[in-house]
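Single-structure report; data block below.
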Amino acid sequence: MAATGTVLCIHHDPGQLTLLREKGYGLVTATNGREGLRLLMSRPVDAVVLEYYLEILDGEMVADEIRRARPKVPIIMVADPVELPHKALKSVDTLVDKSAGAHFLWAAVHFLLASK
C-alpha cells in the first residue's frame with residue numbers, strides 16, 4: 001500500500017529524499033529556510049522534514065516559525081544529534097540522525113502521518 005500525503009522537505013540536498021517519493025509521498029522541496037517558510041504558507045502540507053544545518057536561518061528558527069504558522073503539522077528534524085543544541089528540539093516532533101539513512105527518515109514520516 002502506497003503512502004499518501006505531501007511532505008515539505010527543507011533540506012540542502014533534496015536528492016537524498018527520493019525514498020519518500022518512491023514510497024508514495026508528494027514532495028515539495030526547498031533548500032533554505034526562507035524558501036521553505038514561503039512554501040509552507042502557500043501550499044497545504046501534511047508534514048515537514050527539516051534539516052538543522054541550513055544557510056542563514058538554522059533549523060531551530062525555522063521549526064519555531066513553522067510551529068507558530070501551522071501548529072499541528074508534524075516536524076521531523078534531520079541532524080547529527082551529537083552536535084545539536086538541546087533547545088533545537090523544542091518545536092519538533094522527532095529527530096532523525098542524518099547518518100542513519102533514508103529508511104529511518106521514511107519510517108519517522110510514515111509513523112507521524114499514520115498517527116495523525
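May I ask you to work out the translational diffusion coefficient for segment 71-116 at 25 °C, viscosity 0.890 mPa s, via Stokes-Einstein with Rh from the Kirkwood sum over Cα pairs, reported in whole µm²/s?
221 µm²/s
Tell me, what HN-Hα J-couplings in whole Hz come from the Karplus equation 6.51 cos²θ - 1.76 cosθ + 1.60 at θ = phi - 60° for each residue of segment 27-40, using x for Gly and Pro?
With coefficients 6.51, -1.76 and 1.60, one gets 10, 10, 10, 9, 9, 8, x, 5, 5, x, 5, 4, 5, 4 Hz.
Can you spot the aspartates and glutamates whose alpha carbon is less than 13 Å from Lys116's alpha carbon? Ignore those fewer than 8 places along the same chain.
Leaving aside aspartates and glutamates fewer than 8 places away in the same chain, those within reach of Lys116 are Asp46, Asp93.
Counting Lys +1, Arg +1, Asp -1, Glu -1, what net charge surrounds Asp58 among other residues with beta carbon under 15 Å of its beta carbon?
That sum, taken over residues with Cβ under 15 Å, equals -3.
Among [x] 19, 16, 13; [y] 37, 10, 9; [z] 23, 17, 13, find the value of semi-axes √(5λ) of the Cα gyration tensor in Å that was calculated from the structure presented, and write down its label.
After the calculation, the listed value that fits is [x].
Quick check: net charge around His12, other residues with Cβ under 14 Å of its Cβ, Lys/Arg +1 and Asp/Glu -1?
Net of charged neighbours comes to -4.
If you place +1 on the Cβ of every Lys and Arg, -1 on the Cβ of every Asp and Glu, and leave all else neutral, what size is the dipole of the chain about its Cα centre, to the nearest 20 Debye?
The dipole of the chain has a size of about 540 debye.
The numbers here are math on the coordinates, done by the rules we state, and not lab data. Remember, it's a predicted structure, so these values are computed and weren't measured experimentally. For neighbour counting, all protein chains shown are included, and Cβ atoms are generated from backbone atoms with ideal geometry for every residue, glycine included.
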